[in-house]
Amino acid sequence: MAIFCRVRSLNHLSKCISSIRPLSLLSSSTRRFYSEQVSSGFESVGFIGLGNMGSRMANNLIKAGYRVAVHDINSNAMKKFSDMGAAMKETPLKVAEASDVVITMLPSSSHVYDVYTGPNGLLCGGELRPWLLIDSSTIDPPTSRKLSVAVSDCTLKEKKDYPKKPAMLDAPVSGGVLAAEAGTLTFMVGGSEESYLAAKSLFLAMGKNTIYCGGSGNGSAAKICNNLAMSISMIGVSESLALGQALGLSASTLTRVLNSSSGRCWSSDSYNPVPGVMEGVPSSRNYDGGFASKLMAKDLNLGATSAEEVGVRCPLTSQAQKIYTQLCKNGHETEDFSCVFRHYYSGKNES
């Protein structure tokens, strides 16, 4: 059945579309137009967390033409953005007061919780100027869901027909520092579909793929599951290559076999852990940069805790958790997680 609505304004457009449920019943062209129209209100973007990932994401937003306000506990990181024309803000609250939407990219659940609910946090006072808050940190789903409820309990300082109340998206990313630099990240997004559609142009200013995962916390859940698989895959490839070396195979030869056979995966063909096999990956620069082993250990802890909470047996996750915890204890916490080949399996460089 066709539904017609003469659009007189953005607010009228929102009313027309919001009367139709679910949004998945809309044509792709209507959904795209709706996303473009609503997201056009995001002129001022707040960004909190200017580490390896966040600094590159914020930089791409500036390149895309957004007016950006930043906050980080590292004043030097903020100064770099000030030199690029971004506004420096002393607290998360001040970022919120200057922004139409705020994005956070922080190390852990506790950091995110503090930025949202702490003194001078985003939710301080219970009133928000931005109607949408986006967290791209990798944190546990319960924290994402708890914060989403806290956000929706706030009121908007500026009353608008759309939306009626503020909203939050959990939108962690995959691709690492290289993809953050190139603007080719993948966003896994949880929250309302309306909010996801409104924010899509923001995501595409920082990445090339966006995947709507469902309700609040589902983006965080997807990221934990993705990193769980990534860590186990890296361990498996490293184990295979180390065994191959011990059996007399060169890592380059075995890599060609893997990548032409059923063993092929991202860890073998795009992020090979053996120094000297592939250029442009952390193993080629003594495991410098990339995704730190301490972050992988953190994500595996999140995965193991989540599995325990829902009663799912995950023995490979438990083993990977032990391996990366030991790597960190042995002093390799800042090295890329592919260093498991060298420091756990004692693998050799390709000569």
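Looking across region 177-208 at every residue that is in contact (Cβ under 8 Å) with a residue 24 or more places away in the chain and out of contact with any Ser or Thr (no Cβ under 9 Å at 6 or more places or on another chain), the one that is surrounded by the most Cβ atoms within 10 Å (Cβ to Cβ) is identified as SER195. Of all residues in region 154-176 being open to solvent by 30 Å² or more (accessible area, probe 1.4 Å) and more than 12 Å from TRP131 (Cα to Cα), which is modelled with the highest pLDDT? Residue satisfying both the conditions and the ranking: SER174.
Restricting SER148, SER99 to those that are farther than 23 Å from SER306 by Cα and open to solvent by less than 30 Å² (accessible area, probe 1.4 Å) reduces the list to SER99.
Please tell me if GLY263 is more than 20 Å from ALA179 (Cβ to Cβ), in a loop (DSSP other than H, G, I, E, B) and open to solvent by less than 30 Å² (accessible area, probe 1.4 Å). No. Of the residues making up region 297-349, those that are without any contact (Cβ under 8 Å) to a residue 24 or more places away in the chain and open to solvent by less than 40 Å² (accessible area, probe 1.4 Å) are ALA304, ALA307. If you take the residues of region 110-143 that are among the small types (Gly, Ala, Ser) and within 13 Å of the chain's Cα centre (by Cα), which of them is nearest to ALA297 (Cα to Cα)? Once the filter is applied, the top-ranked residue is SER137.
Residues of region 276-292 that are closer than 17 Å to SER351 by Cβ and part of a loop (DSSP other than H, G, I, E, B): GLY276, VAL277, MET278, GLU279, ASN286. Any residue that is in contact with a helix residue (DSSP H, G or I) (Cβ under 7 Å, 6 or more places away or on another chain) and charged (D, E, K, R) - is there at least one of those in region 295-316? Yes: region 295-316 contains one or more residues that are in contact with a helix residue (DSSP H, G or I) (Cβ under 7 Å, 6 or more places away or on another chain) and charged (D, E, K, R). Look at region 114-134: where a residue is open to solvent by 60 Å² or more (accessible area, probe 1.4 Å) and a partner is at pLDDT 95 or above and among the basic types (Lys, Arg), sitting 6+ places away or on another chain with Cβ atoms under 8 Å, you get ASN120/LYS94.
The values are calculated or read from the model by the stated rules, or taken from the named source; none is laboratory data. Everything numeric in this text was worked out from a predicted model, so none of it was measured. Cβ coordinates were reconstructed from backbone atoms using ideal geometry, including for glycine residues, and neighbour counts include every protein chain displayed. In case anyone asks, the SASA skips ligands and DNA or RNA and just uses the protein heavy atoms, side chains included. Shrake-Rupley method; radii C 1.70, N 1.55, O 1.52, S 1.80 Å.
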